[in-house]
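Read-outs throughout are calculated quantities, based only on the coordinates presented, and are distinct from any laboratory measurement. Computed from a predicted structure; not experimentally measured. Note that each Cβ is placed from the backbone with ideal geometry, even for glycine, and that neighbours are counted across all protein chains shown.
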Amino acid sequence: MRKIKSVSDLEKWREAILEKEKGHEFIISVCGGTGCQAYGCQKVKAAFQKELKREGMKEKVALKITGCPGFCERGPLVTIYPQNFFYQRVKAEDVPLIISETIQHGRKVEHLLFEDPMDHHKITSSQEIPFYRTQMRLLLSHNDLVDPTRTEDYLAIGGYGSLAKVLFQMRPIEVIEEIKASGLRGRGGAGYPTAKKWESCRKAPGETKYVICNCDEGDPGAFMDRSLLEGNPHSILEGMLIGAYAIGANEGFIYVRQEYPLAHKNAGIAIKQARKAGLLGKNILGSGFDFDVEMAKGGGAFVCGESTALIASIEGKVGEPRSKQTHTVEQGLWGKPTNLNNVETWANVPLIIRKGSKWFSSIGTDKSKGTKIFSLVGKVKNTGLVEVPMGITLKEIIFNIGGGQQDGKRIKAVQTGGPSGGCIPASLFDVPVDFDSLTQVGSIMGSGGMIVMDEGTCMVDVAKYFVHFLQEESCGKCLPCREGLKRMGEILDRITEGKGDEESLSLLEELAEVVADTSLCGLGKTAPNPVLSALRYFRPEFEAHILQKRCPAAVCTPLIQYSISETDCTGCGACAKVCPTQAIKGEKKQSHLILVEICSKCGSCKDICKSNAVMVQ
Amino acid sequence: MERKTVNITIDGRSLDVEEGNTILLAAREFGVHIPTLCYMDHLSPYGGCRICVVEISNNGGGKTFIDTSCTHEVREGMVIQTNSPRIIRARKMLAELLVSSAPNVKITQDIAARMGLLKVRFPMEDNRCILCGLCIRMCYEQMDGKALGFVGRGMGRKVSMPFEVRPETCRLCRGCDYVCPGVIIPCQGVKEPGELCGRCVRIEEMPNCCPMGTFGCFCEQNPL
Amino acid sequence: MDFKPVDRIVDKYQEKRTALISILHEIQGEYSHLPEGALRRVASRLRMDLNDIYGVATFYKSFSLIPKGKHSVTLCLGTACHVRGGPKILREMKKLLKIEPGQTTEDRKFSLNVVNCLGVCAIGPVMFVDGKFYGEMNPVKAKRIIDKINKNNRNKRKNGVKS
């Protein structure tokens, strides 16, 4: 680690790194994100280390453990450069073959390549895979090339060049103007114009100011921020440095939720290395600008994603939001002007400075510029992180990139915006994805979670799920959120148990209006959204539960019944063996029967039946 | 000393009120009474019960938002409605939520009566603490006891002393008991001609919501 | 109670209030829960009211004031895991371990927790057991993991290794 004292020091270091990289004939990039960790990428990494040592190849082959490339469904992911061979579902046993075939002979290992689902031909590099083809991976592409624990990797792709430009060629006001011209809007959910926030904070009276990076990412189903902070923490540091310079802040915090240990660890390593290199601390690059960052941890509270609650949490208090009549940009952390931005927002900043606001604003739509990273999850074939230009339609994301439906069930809706958002029915999938269009159809962009739902998903159950989630996460300070959500949950519970009546829906809607109107913070104010949007687009499902005591998607246990189709059952008896309540009777090779009175409706029989003979309705 | 004033409109009346005031107090000065529950003079406003909500427009334009009048400060040009249809609906529902949670607390019944609530459509519970936080604010701000606080969160939130043991800093000043709205039990009405039920003055029937009562610190020593 | 570990942790974070949550996490790692004595010590070292420390310890889900089990089983109930069958796994875990989420088994072996999103949504349903992530779970696979832990413990006891 060198100590950098000027821009020329920085450039000399960068040159030295690039020179050293030329000495590598191959780069093996293994994804080290949390998803691939669950799939065993550590074993793959260890296997590579062993093989490379054994073959004496450590000098000419660089092994990098990188950030998440996004195609989590297919992990562990390994990419070989310079050929750009993209290997998926790699196991430790495959490693010797990769070394002997690809590294030593430049040949592809066929069974590790992605197979096109339509014509079954093998695809070599990631750019041609349908999942990646229409993406515009301005931010995520760096994850493939950077080992988050090596500052050198970030420098090799041009890192901290934007900081140098800002510190020596731009005044703070010019930086704000550039961000304004780019049209960048906050990526945390509300889409507030970033430059406007910076400007208000800059203008706020006071000497001491703070910048905060919000990596609380509590929306269930969203993990974009985790992957960015885990995979390329320096990009966030650079963004915060630039923002702090523009605003006039000298201290910053990165708040990471407790459930993201790897992101916390990697960000901490990046900070330590940046300090050693002189990129954080006093007189950065010899510019006279001081700035340092500290890590802060969450304790397990979704409400701490809200800016005032997050700030309270950093101050060592409970995460209770406060009234926002005076915004945090004027009175935030310790009462001082504080600028809080989301991880993805910060990550976009160095990009805009490097390539210019004109280039950035040419991507996206009129009012929503740039790209957005979405976590495409749920009942869709290709799950993972996708980065797309604003304005792309939901249909393109779900079908072209996502590969469409999974296990033969028709996709019926997609949920965006987490517990503050709503569901969008399949009939509206031509909606372009941007801040305003999504709001118009009753949802919000949110932080980027996109949960696909199919015919096997009960929308009443989804509404109930979100209300119970928010009940758990409510801080409990204000009456409408604490009691109102409780009563909404009770009504939805009754409906899913077949005990709803004609007044249930109107009472639900009345409650929803008051909770939205009178809650103190964003959590309560947007809590009714999932329920209201489910009612707006899927009211017949609610009515079926209430009037016919029936769950059309066959999900709500009190309303469903399991049975075995006589014609399809082969009498193999697998279901009877796995049934926890011994509710299945039948002779070998003869059609089995489920005793409805003792059936616990756990679904294990359906999961294990190879003849698809178990029916639910 | 000349105090700076700002001009606001409350329920159609144009008023010059002192800058830095909250809407609640500014309104009171001019005889406009907004109902409250968790607000008490000389304690910091909390904004937890939301009963005192009003509909606000910052500059008289079309767009309005709702906020609690006890915490929201007046600004020049603000237009405030204290009894718009939206506010009335909100207060009525909030009262319904309160009463269904704590029907045997006098103040929730008072508020429900004031909002004209006749029917409660939720299953009734019997909580005695309405989580208004007055006892905590009294303990911290006026009596310097620092003995009470909120624990837990969401529906499980309650008032307690740390580790459910009375700390040394508690001087048994009974300030918490003094401000607690839940301590007063609703009247059971007239019994014999001229006789009142007297429940509100009989200490042995004090409900179990007050932190002091729960921990039995002083109820043995009858204060009366 | 021996306060040395608590003091060591508070010193590591330079008595900073902004590090309170990190401090409490490390204390919990040391004692498998947050003992009353430790919290009182933290309050005095950080010059904060005990009330506020107690409030923080009871507000955040990741803290436990009662001792946790040796093996921590965390289920993700985020939306993506939910639509892929998360609740069925929870039912199975509750039946198998005979405890509710947030509780510990009587023999102090297992603690069951649910979390509202672990952030590994693409491979849901997800379980986090003893520091390792498991993806694409179902009730059968989940049972296997618990059985394996029980078997390992039995083997350790058989071989005279203290478990």
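Spatially, the range A:467-515 and the range A:173-249 are offset by 35 Å when compared through their Cα centroids.
Kirkwood hydrodynamic radius of the range A:3-142 from all distinct Cα pairs, in Å? If you can, show how the numbers build up before the last one.
Numbers: mean 1/r = 0.0618 Å⁻¹.
This gives a value of 16.2 Å.
Seen from a random direction on average, the alpha-carbon convex hull of the range C:4-59 projects onto 3.2 square nanometres. Once the convex hull of all Cα atoms in the range A:561-616 is built, its volume per residue stands at 63 Å³. Counted over all Cα-Cα pairs of the range A:471-546, pairs farther apart than 22 Å make up 20 percent. Taking the Cα atoms of the protein assembly as shown, the ratio Rg/Rh between the radius of gyration and the Kirkwood radius comes to 0.97. Of the residues C:THR74, C:THR105, C:THR18, the one that moves most in a GNM of chain C with alpha-carbon contacts below 10 Å is C:THR18. Legend: Rg and Dmax of the range A:371-454, from Cα coordinates, 11.2, 33 Å. Determine the gain in length on full extension of the stretch A:LEU593-A:SER563; use 0.36 nm per residue of separation and subtract their C-alpha separation, reporting nm with one decimal. Result for the pair: 10.1 nm of gain on full extension.
Restricting the calculation to Cα atoms, the range A:444-493 yields a radius of gyration followed by a Dmax of 12.8, 38 Å. Extent along the principal axes, Cα only, for the range A:420-459: 29, 20, 13 Å, with the longest axis given first. Over the range C:71-162, the reciprocal of the mean inverse Cα-Cα separation, the Kirkwood hydrodynamic radius, stands at 13.4 Å. Based on Cα atoms of the range A:151-360, Rg over Rh with Rh as the Kirkwood radius reads 0.93. Seen from A:GLU199, the other residues with C-beta closer than 10 Å to its C-beta sum to a net charge of +4, counting Lys and Arg as +1 and Asp and Glu as -1.
Write down the percent of antiparallel bridges among all DSSP beta bridges whose residues are both part of the protein assembly as shown, to the nearest 5. Before the final figure, lay out each step's value.
On the way: 59 of 94 bridges.
Counting DSSP beta bridges with both partners in the protein assembly as shown, the antiparallel share is about 65 percent.
The loop-placed GluC sites (Glu not before Pro) in the range B:3-101, going by DSSP, that have at most 12 neighbouring Cβ atoms within 10 Å of their Cβ come out as B:GLU76. Normalised by residue number, the volume inside the convex hull of the Cα atoms of the range B:1-103 is 102 Å³ per residue.
Computed over the Cα atoms of the range C:1-116, the ratio of the radius of gyration to the Kirkwood radius (Rg/Rh) comes to 1.06.
The A:LYS20 and C:LYS12 beta-carbon pair, evaluated with R₀ = 41 Å, returns a calculated FRET efficiency of approximately 0.70. Net length available on complete extension from A:ARG133 to A:ARG275 is 47.3 nm, with 0.36 nm assigned per residue and the Cα-Cα distance removed.
Excluding A:THR581 itself, what net charge comes from residues whose Cβ is under 11 Å from its Cβ, given Lys and Arg +1 and Asp and Glu -1? My count for the surroundings of A:THR581 gives +1. The Cα-based radius of gyration and maximum Cα-Cα distance (Dmax) for the range A:275-425 are 20.1, 62 Å. Roughly what % of Cα-Cα distances in the range A:465-617 sit above 20 Å, to the whole percent? Of all Cα-Cα distances in the range A:465-617, 58 percent exceed 20 Å.
Given the alpha-carbon gyration tensor of the range A:516-603, what are the semi-axes of its equivalent ellipsoid in whole angstrom, ordered largest first, with each equal to the square root of 5 times an eigenvalue?
Numbers: eigenvalues 337, 43, 21 Å².
Here the semi-axes work out to 41, 15, 10 Å.
Per the helix-only calculation at 222 nm, which mean residue ellipticity applies to chain C, given -39500 (n - 2.57) for every DSSP H run of n ≥ 4 and division by its residues, nearest 500 deg cm²/dmol? Display every interim value, and only then the final one.
On the way: 7 runs with 78 residues, N = 163.
Computed ellipticity for chain C at 222 nm equals -14500 deg cm²/dmol.
Taking 51 Å as R0, compute the FRET efficiency from the Cβ-Cβ separation of B:GLN142 and C:LYS151 and round it to 0.05. With R0 = 51 Å, the Cβ-Cβ based efficiency is 0.25.
The overall shape of the range A:333-492 is oblate: from the C-alpha gyration tensor, with semi-axes ordered a ≥ b ≥ c, the ratio a/c is 1.5 or greater and a/b is no larger than b/c.
Model label points for C:ASP107 and A:SER6, set 7 angstrom from Cα along the Cα-to-Cβ axis, are 7.0 nm apart. Gyration tensor analysis over the Cα atoms of the range B:1-43 returns equivalent ellipsoid semi-axes of 19, 15, 7 Å (largest first, whole Å). Its DSSP H runs of at least 4 residues, each contributing -39,500 (n - 2.57), put the calculated 222 nm mean residue ellipticity of chain A at -11000 deg cm²/dmol, to the nearest 500.
Charged side chains reduced to their Cβ positions (Lys and Arg at +1, Asp and Glu at -1) give the range C:89-163 a dipole of some 520 debye around its Cα centre.
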